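Undergrad: Got a structure for you, questions after.
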């Protein structure tokens, strides 16, 4: 300690010079606009460069997982490619010598913001109107259903995930096509509630739940989850069931936006059906 005091006493003029120089520079940058602006511009540029390098390194180390997800998705699409097409009866209609018309188009996108700990969570993706994305389009990932597009800007889109109080997904049991719905009542991001499933149907833990295809948003057969627990109340006609979601919401990286190419036609037909007035016979 004595040596430290001797060192400071010996070089006290140098330390005093550094202190006064620091105060002078601080006053100079504080009360002069040009050097202040130059300083902040240089600092911002340096910060942006560092963040860019860090992001590049992080993305490099996450490429293995991202590539694995894309490989899984490619395998799924190759093995079930016909699900994206609408079969046309050749006895009544022939279109360019083909039996199928494409019904669903898939646009890949990257998740740039995501939450799972809120009651009403959100997801933002890096594709928007410029890429043909519109509200009410479905969003899926290699493992299953993600959510529905609710707002779009030129280059970005906001997605309401299944982990939202206003989200309801039309589903069915894969083994018997029994219809139900999936909602999220909060809590764990990997569990959801299965509602409106008739208690007359026999179910087991581990049964697969998929999209019904009855909505205009998701194709039929997209994975949603598996039965995790259930019970049947004697006074109720429906099961009280919990499913384990197949989508890893806490680590989403890449998703696919689903466009139903026949959606407008289907909606128009549904509107006409509503306008039909029953005739008395």
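The values are calculated or read from the model by the stated rules, or taken from the named source; none is laboratory data. Note that the structure is predicted; figures quoted are calculated from it, not measured. Reconstructed Cβ throughout: ideal geometry from the backbone, glycine too, with neighbour counts over all protein chains shown.
Undergrad: Can you tell me which of (1) within 30 Å of residue 157 (Cα to Cα); (2) out of contact with any helix residue (DSSP H, G or I) (no Cβ under 7 Å at 6 or more places or on another chain) is the one residue 216 doesn't meet?
TA: The failed condition is (2).
Undergrad: Suppose we keep only residues that are touching a strand residue (DSSP E or B) at 6+ places or on another chain (Cβ under 7 Å) and in a loop (DSSP other than H, G, I, E, B) within segment 222-235. Which one would you say is modelled with the lowest pLDDT?
TA: This residue is 233.
Undergrad: I would also like to ask the following. Among (1) at pLDDT 95 or above; (2) surrounded by fewer than 13 Cβ atoms within 10 Å (Cβ to Cβ), which single condition is residue 154 missing?
TA: (1)
Residues checked against (1) surrounded by fewer than 20 Cβ atoms within 10 Å (Cβ to Cβ); (2) within 27 Å of residue 102 (Cα to Cα); (3) touching a helix residue (DSSP H, G or I) at 6+ places or on another chain (Cβ under 8 Å):
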site	(1), (2), (3)
206	yes, no, no
211	no, yes, no
234	yes, no, no
247	no, yes, no
250	yes, no, no
254	yes, yes, yes
262	yes, yes, no
272	yes, yes, no
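Undergrad: Here is a list of conditions, (1) touching a strand residue (DSSP E or B) at 6+ places or on another chain (Cβ under 6 Å); (2) in a loop (DSSP other than H, G, I, E, B); (3) at pLDDT below 90, and residue 127 meets all of them except one; can you say which number that is?
TA: Only one criterion in (1) touching a strand residue (DSSP E or B) at 6+ places or on another chain (Cβ under 6 Å); (2) in a loop (DSSP other than H, G, I, E, B); (3) at pLDDT below 90 is unmet by residue 127, namely (3).
This table checks each residue for (1) surrounded by 14 or more Cβ atoms within 10 Å (Cβ to Cβ); (2) in contact with a strand residue (DSSP E or B) (Cβ under 6 Å, 6 or more places away or on another chain); (3) part of a loop (DSSP other than H, G, I, E, B); (4) modelled with pLDDT of 95 or more.
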| residue | (1), (2), (3), (4) |
| --- | --- |
| 89 | no, no, yes, no |
| 92 | no, no, yes, no |
| 109 | yes, yes, no, no |
| 133 | yes, yes, yes, no |
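Undergrad: In this structure, is residue 120 out of contact with any helix residue (DSSP H, G or I) (no Cβ under 9 Å at 6 or more places or on another chain), in the same structural domain as residue 258 (by TED's automatic domain parsing) and modelled with pLDDT of 90 or more?
TA: Judged against the criteria, residue 120 is a match.
Undergrad: Continuing with this model, one more query. Name the one entry in 256, 214, 238 that is farther than 20 Å from residue 150 by Cβ and in contact with a strand residue (DSSP E or B) (Cβ under 6 Å, 6 or more places away or on another chain). Reasoning before the result, please.
TA: Working: 256 fails: farther than 20 Å from residue 150 by Cβ; 238 fails: in contact with a strand residue (DSSP E or B) (Cβ under 6 Å, 6 or more places away or on another chain).
Just one listed residue meets the conditions, 214.
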